[in-house]
Amino acid sequence: MLHRDPAGRCVRDKAGHGVIALGLAVSGWLAPAVVNGSPDWSAAELKHEIELTGDRVERLALSPEGETVASTASGHLAVWELATGKLLHRLDGHRSPEVERPLPVAGLAFGPDGTILASTSWTPGVAPEASLKLWSLVSGERLQALAGGKGCREVSFSADGDSVWAACGRNVQRYALDTGRVVERLGHFPAELERSGDAEAAAAALPMPRQGDADALALSEDGTQLAWAGRPPTYPSPVIRLWQAHAGDAAGEVADDGESAAFRGQALPEVAPTRDPLALSRDLYGLEAPSPISEERVAQRMLASGEVRVILTLSNLADDAVRAWRYRLTFEPLEDGEWELVRVGRQQQCRRGPTEPDAWTTELCL
């Protein structure tokens, strides 16, 4: 399995399981990701990407802190650490005494503290050994097997984490975790468990061009992180991506991405069209070598014109005059799914004049 950092670089560990992207410090946008009360997905940042082997992902669940993601494929469950791409647990899933293969997983949910995962199965005509299972994400062991062969679909934890709600059979039941017994039945999930936000609408607004259709989506509880699973057209295998919505001003523009500032035009490098504007931008203008001090930050967005805009920022540079560089690269779409670099601009922050140290300028630094 390969893990890609937000720059698109991939490395494989010696065992071939978990991978850590080393060297560059790629920092995220830390401002709240809400514009006029709604997340701004049109300028979302690709935070993490995990390249998988095997079948396509069928379901996803995102932990409350956005640090881990659970996925299902062909009835099997896996839990991944997003920052490293490390496989934390591979869980047995759901089975039936009537069939040899695992049953499809119908629902996934993390507990409030992120240490418990609930999974359900629903297969008419096949009686599972347990339609609702709770898993420890500390040990990777199954904690409880509930609901028998009723068949369950959606699942959600109570806010205090002491019970779990599941749509099993014709009703919605609340199971107390200390006893495993049903303590309440309703015709629908309580209103306080209804998730806000629309994962499909968020995915439709993402700035990544031509990433293809999603096989599975999961929105974080605060509605600002989106887990996306699918197989982009140029990829040999499925991937899981974590997107972070960006902050914006009252007009809905991305904060501090250099869009409104002046850039000095640069000579276009002689490069062939690319299918990955972000990766080409990093190859052309990114940090040349790993550094414990310098940082590299990159954002990509689709413009209304159909062009792709990449903003690449290099900060804390080891330079007596220049404190930071910021590049703005614009790509136009070609008919074959590739992108042509058509404009490059640059600006900088100076350690000494002609502007304040935190101001961006096109003037030469002293």
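No value in this document is a laboratory result; all are computed from the given coordinates. Since the model is a prediction, treat every value here as computed from it, not as a measurement. Glycine also receives a Cβ, built like all others from the backbone with ideal geometry; neighbour counts cover every protein chain displayed.
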- Note on the structure: Taking a label point 7 Å from the Cα of residue 170 along Cα-to-Cβ, the residues of region 110-153 whose backbone nitrogen sits under 16 Å from it are 150-152
- Computed for region 116-241: size of charge dipole around the Cα centre, +1 on C-beta of each Lys and Arg, -1 on C-beta of each Asp and Glu, debye to nearest 20, value 440 debye
- Message: Could you work out the relative contact order of region 53-103? I mean the mean sequence separation of Cα pairs under 8 Å and 6+ apart, divided by the number of residues, in percent.
- Response: 24 percent
- Percentage relative contact order, region 301-342, counting C-alpha pairs under 8 Å, at least six apart: 33 percent
- Query: How long is the gain from residue 113 to residue 235 if the chain were fully straight, where each residue apart is worth 0.36 nm and the alpha carbon distance is subtracted?
  - Reply: 40.5 nm
- Kirkwood Rh over Cα pairs of region 310-366 into Stokes-Einstein at 10 °C, 1.306 mPa s: D in µm²/s? 126 µm²/s
- Going by the alpha-carbon gyration tensor, a ≥ b ≥ c the square roots of its eigenvalues, is region 76-165 rounded (a/c under 1.5) or, if a/c is not under 1.5, prolate (a/b greater than b/c) versus oblate? oblate
- Item | Sequence ranges 139-146, 234-241, 288-295, ranked by mean other-Cβ count within 10 angstrom, highest first | 234-241, 139-146, 288-295
- Query: Taking region 96-218 on its own, what percent of its Cα-Cα pair distances exceed 18 Å?
  - Reply: 56 percent
- Computed over the Cα atoms, what is the radius of gyration of region 36-117 divided by 2.2 N^0.38 Å, N being its residue count? 1.26
- Listed by chain and number, the aspartates and glutamates with an alpha carbon less than 13 angstrom from that of residue 133, same-chain partners under 8 positions apart left out, are 92, 141, 154
- Item | Computed Kirkwood radius, in angstrom, where 1/r is averaged over Cα pairs of region 267-366 | 14.5 Å
- Task: Could you calculate the contour length gain from residue 272 to residue 56, that is, 0.36 nm times the residue separation minus the distance between their Cα atoms, to one decimal place in nm?
- Result: 74.6 nm
- Query: Between residue 92 and residue 185, how many nm apart are label points set 7 Å from Cα along the C-beta direction?
  - Reply: 2.9 nm
- Message: Can you compute the modelled spin-label distance between residue 141 and residue 291, with each label point 7 Å from Cα toward Cβ, in nm?
- Response: 4.9 nm
- Message: Projecting each Cα onto the charge dipole of region 133-234 (Lys/Arg +1, Asp/Glu -1 at the beta carbon, about the Cα centre), which of 169, 227, 179 comes out farthest on the positive side?
- Response: 169
- Item | Highest to lowest packing among 104-114, 154-164, scored as the average C-beta count within 10 Å | 104-114, 154-164
